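This report refers to the structure that appears directly beneath it.
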């Protein structure tokens, strides 16, 4: 998906990378390689209602990325909230 800005901050980066299974590079790769657009996610989180996408990294990880869409009229802005490995899409 085309994205102008991916926001990383002191809250979301440690939350995602802390367990050591997913890197910021993994998340960015899945976001950029996703065939849909920021307003066309694969699904929505059952617990938060936030949009999510599934994707594969170049290293073979299957991950899900849950994100906030903070886009405005000028920029497509994504702030990842969490990301984690999945065995198969939808797991």
Exposure proxy ranking, count of Cβ atoms within 10 Å, fewest first, for 11, 68: 11, 68
Max mean-square fluctuation residue, GNM over the chain, Cα-Cα springs under 10 Å, options 74, 26, 42: 74
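First check a/c for the chain, with a ≥ b ≥ c the square roots of the eigenvalues of its C-alpha gyration tensor; if it is under 1.5, answer rounded, and if not, answer prolate when a/b is larger than b/c or oblate otherwise.
rounded
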Label-point separation, residue 21 to residue 50 (7 Å along Cα→Cβ), nm: 1.6
Chain lengthening between residue 10 and residue 71 when straightened (0.36 nm per residue, less Cα-Cα): 19.9 nm
Exposure proxy ranking, count of Cβ atoms within 10 Å, fewest first, for 75, 50: 75, 50
GNM flexibility winner over the chain from 80, 14, 51 (Cα, springs under 10 Å): 14
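Taken together, the values in this text are just the output of simple stated rules run on the coordinates, not laboratory data. Fair warning: this is a prediction, and the values are worked out from it, not measured in the lab. For neighbour counting, all protein chains shown are included, and Cβ atoms are generated from backbone atoms with ideal geometry for every residue, glycine included.
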